[in-house]
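The values are calculated or read from the model by the stated rules, or taken from the named source; none is laboratory data. Worth saying up front: this structure is predicted, and the values here are computed from it rather than measured. In this analysis, Cβ positions are derived from the backbone assuming ideal geometry, glycine residues included, and neighbour counts consider all displayed protein chains. Surface accessibility is based on the protein's heavy atoms, side chains included, excluding ligands, DNA and RNA. Shrake-Rupley method; radii C 1.70, N 1.55, O 1.52, S 1.80 Å.
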Amino acid sequence: MTVTVVGIGGSVRAGSQSERALHTALAGAREAGAEVHAITGDSLVLPFYDPHLPERTGNATALVEALRRADGVILSSPGYHGTISGLIKNALDYVEDLRQDDAPYLDGRAVGCIGLAHGWQATVTTLQALRSVVHALRGWPTPLGGAVNSAETRFDSDGGTSDEKADAVLRTIGRQVVDFAAARQG
């Protein structure tokens, strides 16, 4: 059975550094045999989540359905003022639509977390915030989290980087998500 991994991340700016980091982690998942799907950029432009309004936009429906089918998830957020961006937080609020599922929220899913910011303080606090949200959503953060300091590590337009350590960490996160999901399937 094939493992499906959904990646959510980046900013509204196509090809942002956090989006490129996400694609590197998804490459690690793909190398481990997963089918991957990225939800980035304009696909993350959603109305503010309101649990009392049942109507959903096409982007919101696509996000929720992708997460419903996902065996694992990878999240990559830019650090805005020491925490995850509003764009990523709002997308994660839509996980509430999975509350009535047999596996509610992100229950039983491995979730790789990547925080990316200009400087270590915001990078680490963004990663911590992502891991806290994943715990609240009943997900299983992978043992390895990605803290990428964009002052030191840059990704090129193809997603590559000269920072071999960052590349290895991100790909390992992707593999850990797949390994956990495969073990749960087996």
Within the range 99-109, is even one residue open to solvent by less than 70 Å² (accessible area, probe 1.4 Å) and among the basic types (Lys, Arg)? yes
Go through 43, 18 for me and flag whichever is closer than 18 Å to residue 130 by Cα and of a type in the set (S, T, N, Q). 18
Output the number of the condition that residue 38 fails; it satisfies all remaining conditions of (1) without any contact (Cβ under 8 Å) to a residue 60 or more places away in the chain; (2) within 15 Å of residue 175 (Cα to Cα). (2)
Consider residue 167 against the criteria (1) modelled with pLDDT of 95 or more; (2) open to solvent by 40 Å² or more (accessible area, probe 1.4 Å); (3) among the charged types (D, E, K, R); (4) not in a loop (DSSP other than H, G, I, E, B): it satisfies all of them except one. Which criterion is unmet? (2)
Just to verify a result, which residue in the range 129-157, among those that are open to solvent by 20 Å² or more (accessible area, probe 1.4 Å) and of a type in the set (Ser, Thr, Tyr), is modelled with the lowest pLDDT? 157
Do we have residue 78 as part of a loop (DSSP other than H, G, I, E, B) and not polar (S, T, N, Q) here? no
Select from the range 170-186 the residues that are open to solvent by less than 10 Å² (accessible area, probe 1.4 Å) and within 14 Å of residue 71 (Cβ to Cβ) and list them in ascending order. 174, 177, 178, 181
Considering each residue of the range 28-42, count those that are assigned to a helix (DSSP H, G or I) and at pLDDT 95 or above, and give that number. 4
List every residue pair whose Cβ atoms lie under 6 Å apart, where the two residues are 6 or more positions apart in sequence or sit on different chains, the first residue falls within the range 119-146 and is within 20 Å of residue 107 (Cβ to Cβ), and the second residue, located anywhere, is open to solvent by 60 Å² or more (accessible area, probe 1.4 Å). 138/107; 141/131
Considering only residues that are open to solvent by 40 Å² or more (accessible area, probe 1.4 Å) and not in a helix (DSSP H, G or I), which ones fall in the range 7-27? 12, 13, 14
Go through the range 33-78 and report how many residues are polar (S, T, N, Q) and under 20 Å from residue 107 (Cα atoms). 2
Subset of the range 105-137 [within 16 Å of residue 91 (Cα to Cα) and either in a loop (DSSP other than H, G, I, E, B) or of a type in the set (Lys, Arg) (or both)]: 105, 106, 131, 137
Scanning the range 62-82 for residues that are crowded, with 20+ Cβ neighbours inside 10 Å and either under 17 Å from residue 128 (Cβ atoms) or of a type in the set (A, V, I, L, M, F, W, C) (or both) gives 63, 67, 70, 73, 74, 75, 76, 77, 78, 79
